[in-house]
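Undergrad: Provided herewith is a single structure, encoded as structure tokens, for subsequent inquiry.
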Amino acid sequence: MRKAILPGVGVVVMAAALAGCGSSGKSTGVGLPAPLGGRTSQEAGAASGGPLGGAAASSSAAGPCQKQFVVSFCEKIDITGAVTVSGTASAIPEFDQDAAGLKQTCATWPTYQPQNTDDHRLALPTDPVGGHKLQMIWQFPAGVGTTDISKYAGTNGINVDNAGFQDVAVDVNNATASTGSVQVNPDGSGSLSFKDLTGDTGKISGTVTWTCVDSQ
């Protein structure tokens with residue numbers, strides 16, 4: 001199973017997207033791996049000419065939560081702490097939606113195990129939300145139910161603009177671990193809640209709740 005290795009709380013600047021944003025010997029930004037062609041799924045969706053690219057490109061013109069070319073999530077995002085973000089927009093999660101001959105639906109994806117054996121991944125909208133550019137890597141296992149985020153401590157994280165915040169087992173003072181959970185419902189809807197994701201600029205807490213939208 002593919003895992004991103006992130007170097008503790010001193011989170012790594014994203015290659016290319018966030019290069020040069022660190023200061024005083026520190027870097028900011030969650031080190032997001034590139035599952036699709038050397039880019040994150042969000043970047044690939046915005047740039048490619050295939051189904052993911054078409055879906056991401058249509059979100060601004062057609063409205064924040066219109067049907068896309070693949071299964072999408074209509075996400076309500078609320079983040080507080082070191083930075084505040086609030087808004088609703090469409091995002092494209094990653095669970096083998098581009099696999100040949102596979103047609104995912106809101107009813108089928110929650111229990112689908114990707115052919116490449118990787119866990120599912122949440123994504124945040126490619127369009128800015130509340131004036132902020134968001135990116136994330138957030139793995140969670142297939143199946144309906146609730147998973148504690150500690151299962152992926154050191155792997156999952158969220159970028160807000162040039163600042164990265166990571167799900168950590170302990171903070172820099174070895175006192176407070178990140179907490180939260182991912183809940184997946186049978187209809188494909190769900191929620192992510194998190195507290196004390198930690199980065200060089202402080203901590204963030206919040207929720208991402210979504211309804212599932214079947215493809216066109």
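The values are calculated or read from the model by the stated rules, or taken from the named source; none is laboratory data. If you're wondering where the values come from, they're calculated on a predicted model, not measured in any experiment. Heads up, the Cβs are rebuilt from the backbone with ideal geometry, glycines too, and the neighbour counts pull from every protein chain shown.
Undergrad: Among strands (runs of 3 or more DSSP E) lying entirely in segment 89-172, which contain 1 or more residues that are surrounded by fewer than 23 Cβ atoms within 10 Å (Cβ to Cβ)?
TA: Output list reads 120-122, 134-140, 145-148, 163-166.
Undergrad: Would you please name the residue that is farthest from residue 147 (Cα to Cα), looking only at residues in segment 174-211 that are aliphatic (A, V, I, L, M) and over 14 Å from the mean Cα position of the chain (by Cα)?
TA: So the residue we want is 175.
Undergrad: If you don't mind, another one. When segment 154-197 is examined, which residues are found to be modelled with pLDDT of 90 or more and hydroxyl-bearing (Ser, Thr, Tyr)?
TA: 155, 178, 179, 181, 189, 191, 193
Undergrad: Take residue 108 and decide whether it is touching a residue at least 24 places away in the same chain (Cβ under 8 Å) and of a type in the set (Ser, Thr, Tyr).
TA: Judged against the criteria, residue 108 is not a match.
Per-residue answers, yes or no, for (1) on the phi > 0 side of the Ramachandran plot; (2) among the charged types (D, E, K, R); (3) modelled with pLDDT of 90 or more:
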site	(1), (2), (3)
64	no, no, no
78	no, yes, yes
83	no, no, yes
88	no, no, yes
96	yes, yes, no
99	no, no, no
106	no, no, yes
112	no, no, no
117	yes, no, no
